[in-house]
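These notes concern the structure reproduced below.
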């Protein structure tokens, strides 16, 4: 039996464009380089489906490593503060990219063992900040620090509900990528 020559099916332009842009972004992203080892106390551990670990099978970050990632600033109102506050830190998607973490669920844990499962898609759909600064100052544990996951509540009012508030883990210590 002979196989007939079948011409290749061209990819739709939108898919081809996304693929090319994705590869270009990867080439310029910090996730292509090896992830440094923390020089100071570890404040965040990303484990699970991590392809660029720096300690065993996990990616561990100290505060300087998080500060070295591109920073975003978000001013928003939250249920936990009486006035609008300014949060600064890397975007969640950049933290995950630095560890080359890929999965469908992010299991976030706080210092007080609060745990919440967040769809990994949130990191792409929204500019979620892993805040390390509150009003330009490091956050103490008593002030919900040292890390606080913050959604752009004022920029996207549809996020102002119990579902997204529950995903805003303060005192974040780890993310398990499932």
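A short reminder: the numbers here are calculations on the coordinates, not readings from a lab. The structure displayed is predicted, hence computed values, not measured ones. So basically every Cβ, Gly included, is an ideal-geometry build from the backbone, and we count neighbours across all protein chains shown.
Descriptive notes on the structure:
- For the range 35-177, the C-alpha radius of gyration divided by 2.2 N^0.38 Å, with N the number of residues, is 0.96.
- Theoretical gain in end-to-end length, residue 111 to residue 51 [0.36 nm per residue, Cα-Cα removed]: 19.1 nm
- Packing around the peptides 44-55, 135-146, taken as the average count of other Cβ atoms within 10 Å per residue, puts them in this order, highest first: 44-55, 135-146.
- Per-residue packing, averaged as other Cβ atoms within 10 Å, sorts the ranges 56-69, 110-123 into the order 56-69, 110-123, beginning with the highest.
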